[in-house]
Amino acid sequence: MLLWANLHGGFIFGFLSWFAYFAGSIWEKLTKGIESKISTLAYIGFFSLIASIITPDGWGNWIAVFSNNSQYILQNTAETMSPNFYQAGMLPFLLLLGLTIVIPLLTNTQLHAGQIFLLAGMTMMSLLMARNIPLFTVIAIPILSKCINTASLHPTFKKIETNIFSLQSQLKSQWIFIAIIFTAFFVINNYANRQTSILQFNPNVFPVQATKWLKDFPQAGNMFNEFNWGGYLEYQLYPHQKSIPR
């Protein structure tokens with residue numbers, strides 16, 4: 001959480017995942033009397049909260065997440081709009097939604113309440129904003145895989161699984177050879193691109209020259225800029241210019 005909170009605003013999803021399992025553990029304790037790790041999860045949540053404010057801006061990252069509510073941006077940016085299932089690219093997501101319902105039923109797997117809360121919550125958030133679909137995928141695949149693994153598999157699938165485990169064992173004994181291949185690829189690729197720096201911004205995409213001018217001739221007041229340039233401009237012009245959510 002310390003790394004996540006300092007790298008990306010999506011750290012909030014870590015707390016949503018934690019809350020789903022924490023609430024699920026309490027639910028199972030109250031309804032089924034199942035002893036769960038409520039105290040352990042409480043410690044995890046508390047120390048994760050402390051870690052999330054160990055940032056250059058302190059509580060500012062939380063404020064930035066909850067103040068990012070511009071209706072214009074939310075209603076006119078594809079990733080913050082509801083998924084359009086008429087687009088072919090949304091079909092895999094639709095298929096995964098169906099499998100999330102079908103697989104637990106077919107395998108007769110009883111999911112933990114926390115898993116149900118997490119899947120339901122991420123499903124709702126993915127239907128509200130398309131940008132949450134990758135997170136739903138990351139959460140759903142391990143849960144569905146465990147459902148399949150607990151079920152009796154067809155002999156063909158068991159054979160495939162055995163072959164995969166065999167391949168994994170072989171690769172573990174060849175890790176030095178694989179490391180050499182990746183190192184050689186990195187060296188060759190770096191040599192091929194040494195004349196052109198990849199650590200630069202494309203002037204056809206970002207206002208590179210205009211930003212250079214603003215560095216030489218700083219302007220007073222706030223800047224109104226195109227949405228997709230916000231991160232670039234803040235990176236280049238900080239601390240003279242700071243982002244102000246609208």
Residue selected from segment 24-50 under the condition of a type in the set (D, E, K, R) and within 16 Å of residue 117 (Cβ to Cβ), by the criterion surrounded by the fewest Cβ atoms within 10 Å (Cβ to Cβ)
32
What's the total number of residues in segment 123-161 that are touching a Phe, Trp or Tyr at 6+ places or on another chain (Cβ under 7 Å) and without any contact (Cβ under 8 Å) to a residue 40 or more places away in the chain?
1
Scan segment 22-57 for residues that are hydroxyl-bearing (Ser, Thr, Tyr), in a helix (DSSP H, G or I) and over 17 Å from residue 110 (Cβ atoms) and jot them down.
39, 40, 43, 48, 52
Only residues that are among the aliphatic types (A, V, I, L, M) and in contact (Cβ under 8 Å) with a residue 40 or more places away in the chain: list them for segment 39-63, please.
51, 53, 54
Given the condition β-branched (Val, Ile, Thr) and touching a residue at least 40 places away in the same chain (Cβ under 8 Å), answer yes or no: does some residue in segment 79-93 qualify?
yes
Determine whether residue 160 is out of contact with any Leu (no Cβ under 6 Å at 6 or more places or on another chain), among the aliphatic types (A, V, I, L, M), more than 26 Å from residue 18 (Cβ to Cβ) and surrounded by fewer than 16 Cβ atoms within 10 Å (Cβ to Cβ).
yes
Consider only pairs whose beta carbons are under 7 Å apart and that are at least six residues apart or on different chains; among these, list those whose first residue lies in segment 98-111 and is surrounded by 11 or more Cβ atoms within 10 Å (Cβ to Cβ) and whose second residue is among the hydroxyl-bearing types (Ser, Thr, Tyr).
107/150; 109/150
Within segment 119-132, identify whether any single residue is at pLDDT below 90 and surrounded by 12 or more Cβ atoms within 10 Å (Cβ to Cβ), and answer yes or no.
no
State which residue pairs qualify: first residue under 10 Å from residue 241 (Cβ atoms) and inside segment 215-229, second residue part of a helix (DSSP H, G or I) and at pLDDT 85 or above in any location, beta carbons under 6 Å apart, and separation of 6 or more residues or different chains.
225/233
In this structure, is residue 166 among the hydroxyl-bearing types (Ser, Thr, Tyr) and either at pLDDT 80 or above or surrounded by 10 or more Cβ atoms within 10 Å (Cβ to Cβ) (or both)?
yes
Residues satisfying the stated conditions in segment 2-23, i.e. closer than 19 Å to residue 112 by Cα and not hydrophobic (A, V, I, L, M, F, W, C):
14, 17, 21
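The values are calculated or read from the model by the stated rules, or taken from the named source; none is laboratory data. Here the structure is a predicted model, which means the values were calculated and not measured. We place every Cβ from the backbone using ideal geometry, glycine too, and count neighbours over all the protein chains shown.
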